[in-house]
Each structure stands twice: as C-alpha cells, then as structure tokens.
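The values are calculated or read from the model by the stated rules, or taken from the named source; none is laboratory data. Nothing here was measured: the structure is a model prediction, and the numbers come from that model. Backbone-built Cβ (ideal geometry, glycine too); neighbour counts: all protein chains shown. Surface areas here come from the heavy atoms of the whole protein model, side chains and all, with no ligands, DNA or RNA. Shrake-Rupley method; radii C 1.70, N 1.55, O 1.52, S 1.80 Å.
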Amino acid sequence: MNFNYSEEQSLISDSLSKLLSDNCGQEARKSLLSDDKDHDPAIWAALSDMGLLGLPIPEAYDGIGGSAVDTMVAAVEFGRHLAFEPFLASVVLGGSAIQLAGTAEQKQALLPGIADGSKKLAVALLEPEGRFDVGHVATRAIKEGTSYRLSGQKSAVIGAPSADLLIVSARTKGGTPTESDGLSLFLVRPDTDGVTLKTYRLADGRAGADIVLENVEVTSSDLLGSENQALDTIEHIADLGTSAFCAEALGALEKIIGLTTEYLKVRTQFGRPIGEFQALQHQLAEMMIDFEHARSLIYEAAMTADSTDAHVRKKAISAAKVFLGERGRAICQNAIQMHGGIGMTEDYELGDYVKRTLVTELAFGDVDHHLARYAGQL
C-alpha cells in the first residue's frame with residue numbers, strides 16, 4: 001500500500017499542522033476548558049480562511065470537493081494536535097448528511113455555510129438503549145398535516161453544544177426500535193421548543209450532549225431525504241464519521257509512540273537510558289508494528305468510506321475499528337507503563353493523547369459491536 005500523500009494532501013497536512021502547532025498546545029486547550037469554551041473561534045476562522053471546512057464539500061457549494069482520504073489527512077492532524085474544533089461533527093458528519101440526503105434546495109441552503117464555517121451542525125444518531133446500533137431508533141416522528149412532532153432521546157452527540165442545527169434520526173413508521181424500515185432524518189434547530197441539551201465534556205475535553213426531544217414540531221421542509229428510507233444513509237453517515245474518528249486516533253497514537261520513544265532516551269536507570277534495556281526495546285517495537293498495521297487498516301477504511309457498496313465499506317471500517325480498539329488500547333497501556341508515574345499526571349501530555357484515543361475507540365461502536373458487524377458481512 002502506498003502511504004505517501006499526494007501534493008495536495010501534503011499541502012493540507014502541512015498547513016493544518018502549522019496552524020494547530022501554533023495555536024493548539026496544551027496550555028491553549030486548558031484555557032478553553034477553564035473558560036468553558038467548546039473550541040477556539042480564531043482557529044475555526046483560520047480553518048475557514050484556509051478552505052479546510054469545505055474539504056469534503058463539492059465545489060458547486062463552495063467546497064473543495066475532496067474525498068474521504070483527504071478528510072482522513074486532515075483528521076490525522078486534528079488527532080495529532082488534540083484540537084477541540086468541531087470539524088468532525090460539523091464538516092464530516094453534518095456535511096455528509098446534507099450531501100447524502102439533502103434536496104438541491106437544502107444543499108444550497110446549508111453546504112456553503114458549513115464550508116465557510118458560519119453554520120455548525122451536529123448529527124444525533126445514537127440512542128441510550130441502542131448500544132452502538134444506529135439502526136436502533138425509538139425516537140418517533142408523528143406526522144400532523146405538513147408538520148412532524150418528534151419525541152425521544154439521543155445520546156453522545158459530539159459538537160451539539162455549539163451547533164446551529166441538529167440532524168436527528170427518527171422513526172416515522174414501524175412499531176419496534178429495531179425495524180430497518182421506517183427511519184427518517186430531520187433538521188432540528190436546538191432552540192426549538194421541546195429540545196433540551198444535557199451538555200458535558202467527553203473524556204478528551206471535547207463538548208458533547210445527550211438530547212431530549214419532547215413533542216418538538218418541525219415542518220415537512222425539515223425532512224432530510226426520503227421518508228421511511230433513511231437507514232442506508234444513516235449507516236453511510238456513521239461510517240464516514242467512524243473513518244474520520246479512526247484517523248484522529250492514528251494521529252494521537254503517533255504522538256504517543258513519539259513521546260514514549262523520547263522518554264526512553266532521556267530517562268535513566270542504573271546510569272543508563274532505560275531505552276537501552278532489551279525488554280523495553282521489544283515492547284516499543286511491538287507498539288510500532290501495531291501502529292503500522294493500524295495505519296494500513298485505517299487507510300483502507302478511508303479509501304472505502306465514500307463507497308456506496310455497503311458490504312465493502314462496512315467490512316473495511318469495522319476491521320479498522322476492531323484493530324484500533326484492541327491494539328490501539330495496548331499501545332496506550334504500554335506507553336503509560338513505560339513512562340511510569342509521570343504518564344498518569346495531568347501536566348504531561350501523554351494522558352491527553354490516551355484520552356483522545358479512548359474516545360475514538362468508543363465512537364460509533366466498540367470492539368464487540370464492530371466485531372459482530374464484520375462477522376455479519378462474511
């Protein structure tokens with residue numbers, strides 16, 4: 001597999017790396033958390049100026065028209081620098097939902113705003129009782145003339161606290177939450193009567209929310225895509241998001257291995273750098289092998305994420321997610337073990353990278369969920 005970026009992808013990677021290196025260090029992140037801010041508006045504006053918020057959005061809607069692989073290149077940098085910016089929530093998940101399901105009018109109304117950063121979206125697909133199954137939808141939308149009334153709960157909606165618009169899955173037909181037929185997507189404004197956001201911080205510091213919908217009225221123009229037939233689109237949106245989450249983890253794991261390598265060079269024991277001890281060399285080599293294997297699988301997942309062949313797409317993305325969940329966690333555990341006590345302190349960045357990796361491990365499905373999904377495709 002060719003791991004080299006194209007000229008355009010190298011430009012994306014280099015320019016984004018410089019922006020985030022200059023503005024997204026540990027002190028900057030702590031400042032955002034202490035000020036209870038979801039992200040840095042100055043970085044968001046800079047991303048807009050660079051055109052990166054339009055990365056996966058078609059040129060017809062003021063975007064760049066990049067592929068999921070291009071998105072992966074950017075997501076690696078967001079993970080490498082632990083950025084709080086809602087790129088994944090708004091651009092990847094929100095932008096994908098509008099592109100895959102929106103009418104021409106909805107695309108024209110929303111995609112340019114996502115691309116220039118003036119409009120932030122969040123996508124609410126998971127529910128408390130559904131584990132990680134995006135097809136498990138108990139939230140109901142009852143049609144009343146030209147309106148719908150939505151009631152239900154959504155969980156772990158990343159980026160929701162700062163979103164201008166929510167995209168919510170709901171059941172418009174069918175009696176049980178697990179029926180594949182009868183799902184629809186709706187645009188919901190967070191300030192609509194009946195919408196309650198229970199906000200919190202994810203383990204890595206990013207903002208998320210659980211959402212309660214109580215008799216929320218939306219109009220038929222807020223229906224996104226065809227009524228009752230949204231399951232395939234919902235799964236594709238989640239896969240595009242999962243691919244980007246995996247890429248974020250790749251960037252974080254690279255930093256974890258880099259920090260560990262440097263620590264083994266400077267930490268001495270018995271008058272020698274501990275990196276000279278063979279047992280630790282073997283452990284570090286195993287981490288590097290796992291990282292390269294993860295990179296292969298995550299690259300393959302990104303190359304299939306745009307595909308409408310759900311069978312191929314699901315296999316590649318679930319394979320990457322399972323390996324990342326098992327061996328990515330092992331990389332984190334080995335790194336903390338080799339660092340000793342300093343690896344557990346708040347002031348040392350290793351713990352921040354471990355937290356980002358663990359959040360991505362659980363996003364849109366843990367190991368058990370994706371192992372079962374992969375098996376279902378065989």
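Filtering region 295-322 to residues that are under 17 Å from the mean Cα position of the chain (by Cα) and among the hydrophobic types (A, V, I, L, M, F, W, C) leaves 297, 298, 301, 302, 303, 305, 316, 317, 319, 320, 322.
The residues on offer are 224, 250, and the sole one that is buried (at least 18 other Cβ atoms within 10 Å of the Cβ), over 21 Å from residue 144 (Cα atoms) and among the aliphatic types (A, V, I, L, M) is 250. Considering only residues that are assigned to a helix (DSSP H, G or I) and out of contact with any helix residue (DSSP H, G or I) (no Cβ under 6 Å at 6 or more places or on another chain), look in region 53-69 and name the one that is nearest to residue 357 (Cα to Cα). For region 53-69, the residue satisfying everything is 59.
Taken as a whole, the condition of being open to solvent by less than 30 Å² (accessible area, probe 1.4 Å) and either under 30 Å from residue 104 (Cα atoms) or without any contact (Cβ under 8 Å) to a residue 24 or more places away in the chain (or both) does not apply to residue 19. Take the residues in region 153-191 that are in contact with a helix residue (DSSP H, G or I) (Cβ under 9 Å, 6 or more places away or on another chain) and hydroxyl-bearing (Ser, Thr, Tyr), then tell me which one is nearest to residue 204 (Cα to Cα). Step by step, filter region 153-191, then rank; the result is 162.
It is to be established whether one or more residues within region 296-305 are open to solvent by 70 Å² or more (accessible area, probe 1.4 Å), modelled with pLDDT of 95 or more and either in contact with a helix residue (DSSP H, G or I) (Cβ under 7 Å, 6 or more places away or on another chain) or under 23 Å from residue 236 (Cβ atoms) (or both). Scanning region 296-305 turns up at least one residue that is open to solvent by 70 Å² or more (accessible area, probe 1.4 Å), modelled with pLDDT of 95 or more and either in contact with a helix residue (DSSP H, G or I) (Cβ under 7 Å, 6 or more places away or on another chain) or under 23 Å from residue 236 (Cβ atoms) (or both). Just one of the listed residues (298, 317, 257, 289) is closer than 27 Å to residue 363 by Cα, of a type in the set (A, V, I, L, M, F, W, C) and without any contact (Cβ under 8 Å) to a residue 12 or more places away in the chain, and it is 289.
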